[in-house]
1. Compute the relative contact order of the chain as a whole-number percentage, counting only Cα pairs closer than 8 Å that sit 6 or more residues apart in sequence.
2. Using a 1.4 Å probe, what is the accessible area per residue for segment 18-122, in Å²?
3. Enumerate the calculated ³J(HN,Hα) couplings along segment 75-83 in order (Karplus 6.51 cos²θ - 1.76 cosθ + 1.60, θ = phi - 60°), each rounded to whole Hz, writing x wherever the residue is Gly or Pro.
4. For segment 1-104, with only Lys/Arg (+1) and Asp/Glu (-1) charged at the beta-carbon, what is the dipole magnitude about the Cα centre, in debye rounded to 20?
5. Using the charge dipole of the chain (Lys, Arg: +1 at Cβ; Asp, Glu: -1 at Cβ; taken about the Cα centre), state which of 39, 54, 80 has its Cα farthest towards the positive end.
6. For segment 19-60, which semi-axes, largest first and in whole Å, follow from the square roots of 5 times the eigenvalues of its Cα gyration tensor?
7. Give me the percent of accessible area attributable to carbon and sulfur for the chain, probe 1.4 angstrom.
Amino acid sequence: GNIKIIDPRGYFGDTLLFGDPAYDIAKLLYAIDNYHKINEKQFSIHKLNDGSTMLVHESMYIDHDIEYFIKWCLDNYEISKEKLNFILFTIWLSLTSYIINDPAAIIASYSKAMIRSKRFLI
């Protein structure tokens, strides 16, 4: 029940630097949010009659333990859901330039970013 997360980023002179826990938690959520489905091209994109686009991939599974851990992180590090969701949004959006040679994956990543801009994962 006494979890410690250590994320050293290196040294600046003699000072050990640590990353922002909100970013690390967002990266964990990014993995839970089916990053691997986009990366492994296990998705489909459908253009609907109303002009909107629908991204389809296997549903994520968030069990009670994962939900408890995320809520614990938010409370323990005093991170708002809005901040965490914004970081998750920017991570998804930044993936679009990383996969620049795969137009379908760019659309999928952009779609995930837009979803995260409107609703929190948990």
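The values are calculated or read from the model by the stated rules, or taken from the named source; none is laboratory data. The structure displayed is predicted, hence computed values, not measured ones. Don't worry about glycine lacking a Cβ; one is built from the backbone with ideal geometry, like all the others, and counts go over all protein chains shown. Calculation scope for accessible area: heavy atoms of the full protein, side chains included, ligands and nucleic acids excluded. Shrake-Rupley method; radii C 1.70, N 1.55, O 1.52, S 1.80 Å.
1. 24 percent
2. Ligands and nucleic acids excluded, the figure is 61 Å² per residue.
3. Listing the rounded values in order: 5, 5, 9, 6, 10, 7, 4, 4, 5 Hz.
4. My answer is approximately 220 debye.
5. My answer, from the dipole projection, is 54.
6. Its equivalent ellipsoid spans semi-axes of 27, 12, 7 Å.
7. Solvent-exposed carbon and sulfur of the chain make up 56 percent of the total.
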